[in-house]
Each structure stands twice: as C-alpha cells, then as structure tokens.
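Structure first, commentary second.
The values are calculated or read from the model by the stated rules, or taken from the named source; none is laboratory data. Computed from a prediction, not measured in an experiment: that's the story for all the values here. Positions of Cβ are generated from backbone atoms using ideal geometry, with glycine treated the same way; all protein chains shown enter the neighbour counts.
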Amino acid sequence: MIHFEQFRDVTLLHMENEETLVISCDSIGGIGEKKEDRVQAPPEVVGYYGARVALMEVIALKAKPLALINTLSVEMENYGERILKGIEKAVAELPEDVIMPVTGSSEENFPMVQTALGITVLAAMEKGTILPPKTDGTESLYLVGLPKAGSSVLADQGEILSMEDLYHLKNQRNVKDILPVGSKGIAYELKVLGEAGRKVDRDKHSELDFYQSGGPSTSALVLMNEEGINELRSIIKAPITKL
C-alpha cells in the first residue's frame, strides 16, 4: 500500500517496494521582462532560480532527482524558450550520473502580461533514510550563504549558496542536516529545526535579518559536527556563519 506524508517543504510517497519518491515544488510570479512584472529580470534567470529551488530541496534530503516538470504560464515562442534555457542551466549543474527528463507545458491560448511559472521535481530517496536525520545534540548550527530575494539576487557578489556548494555539503560526513532557507526567512526555518533552532542567540547576529526572505534558496541552515568546519570552509565558496 502506498502512503504519503509531508516533511518540511516536500511530499514523500512511500511505495510498496520500500522506495520513497520525493516531490518538491516551487512557483514564481511577477519576476521577468513582461510589462506587469514587479521585478525586472531576464527569463533565463527566472527559469534558473525556479528550477534551483525545487532541485535544492530534494538534494538537501540526499534524494536523487528523477524528473523536472515545468508549467509555464507564458507563451513558448521566444519567452518560454528563454525560461527553459535557465531551467536547463540548473539541470546541467547536477552531477553527471543524474540523467533526467525535463517536460512541461506553456500558455498558448491567451497573451500574458506578467511572468508566471511552476516547477515540480520528482526524486528518489535511498531505502532506509531516516527523517528527520538522527543527531546527538552536540552538533553546531551554521548558515551557509545569505538570504536574498528579488533584485538582490541579481546583484549577488558571491554570497549565494550554489548547487555545487550544496553537493559539497551533502557529501560531507560531518554534516547531519541541511535545510534551505525559503521565502519565510531564517526565523521560520529555525522553528522547523526544533530544538537545534531554539538554541540560536539572535542578539549576537545583528548583521543578519532573520525575517528576510530567503528567495530562491540562496542560503541554508546546516547542522554539523564542528570538527569538520575548517575542511568545509576550504571548499565552500559561499560565506559560512556560525549561529
């Protein structure tokens, strides 16, 4: 019998063969080059970051992406094609052993004056994966990257958590848990982490806006054993802040 559950921002489908499918979704509206868009950005950038969000949510759970579905609420000719180029750029950043189809649809019946699209990623989780990940309470909590949204994403100076950085985190044995920071900001994700999040002294981090939208997953909370932090700093390009 197939049963499902919600875990953080993804849906888990537990199959009869003991495998688990992971479903991750993201949507974008009002960002693009159409006349009613609130933030002006190239369609390629919109597609890239939209795909990145859904991909990073499953990668953070150490699941392997299987397929990406895009629902473009814009015309395909020229504009939609440019969004797809951005999506394909995000997919190209996955490891070589991840080969997956990209499929979807577009709006061809009505002229659209504002950009909108949705992204869904299907992924497979290894058998026996325990969620939430087991911790012993001795781990330290770090913010990798910085929360950014809207125009600040376009003006990034190397402070955004890259897909490459995320894979480095996923593959580090000292890293116990990874939680991308979404549109509700660091404060919300700390609540999701539970006990580990409640230990953070926010007064010591006046440089951080704990309520700033994380936009397209430009940062992540990382729970890890502290002895691995020096190695991590040597390979991660995004800034790392101990919370």
Number of the condition not met by ASN78 [criteria: (1) surrounded by fewer than 15 Cβ atoms within 10 Å (Cβ to Cβ); (2) under 18 Å from GLU36 (Cβ atoms); (3) in contact with an Asp or Glu (Cβ under 8 Å, 6 or more places away or on another chain); (4) without any contact (Cβ under 8 Å) to a residue 40 or more places away in the chain]: (3)
Filter result for LYS62 (at pLDDT 95 or above and of a type in the set (D, E, K, R)): no
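Residues VAL222, VAL200: which one is closer than 13 Å to LEU143 by Cβ and either among the small types (Gly, Ala, Ser) or over 22 Å from the mean Cα position of the chain (by Cα) (or both)?
Numbers: VAL222 fails: either among the small types (Gly, Ala, Ser) or over 22 Å from the mean Cα position of the chain (by Cα) (or both).
When all the criteria are applied, what remains is VAL200.
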Any hit, the stretch 67-75, residues being among the polar types (S, T, N, Q), part of a strand (DSSP E or B) and either surrounded by 17 or more Cβ atoms within 10 Å (Cβ to Cβ) or touching a residue at least 12 places away in the same chain (Cβ under 8 Å) (or both): yes
By my count, helices (runs of 4 or more DSSP H) wholly in the stretch 114-218 with at least 2 residues that are of a type in the set (A, V, I, L, M, F, W, C) are 151-154, 163-171, 185-193
ASP97: passes all of (1) farther than 26 Å from GLN6 by Cβ; (2) in contact (Cβ under 8 Å) with a residue 12 or more places away in the chain; (3) assigned by TED's automatic domain parsing to the domain that holds LYS35; (4) loosely packed, with under 15 Cβ neighbours inside 10 Å but (2)
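With the requirement that a residue be of a type outside the set (D, E, K, R) and either buried (at least 17 other Cβ atoms within 10 Å of the Cβ) or assigned to a loop (DSSP other than H, G, I, E, B) (or both), what does the stretch 24-38 give you?
Within the stretch 24-38, SER24, ILE28, GLY30, ILE31, GLY32 qualify.
Taking the stretch 100-113 only, how many residues are in contact (Cβ under 8 Å) with a residue 40 or more places away in the chain and not in a loop (DSSP other than H, G, I, E, B)?
Initially, the stretch 100-113 is screened for residues in contact (Cβ under 8 Å) with a residue 40 or more places away in the chain, giving 112-113.
Now narrow it down to the ones that are not in a loop (DSSP other than H, G, I, E, B): none.
Number of matching residues: 0.
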With the structure loaded, tell me whether LYS62 is part of a loop (DSSP other than H, G, I, E, B) and within 16 Å of the chain's Cα centre (by Cα) or whether it fails that test. yes
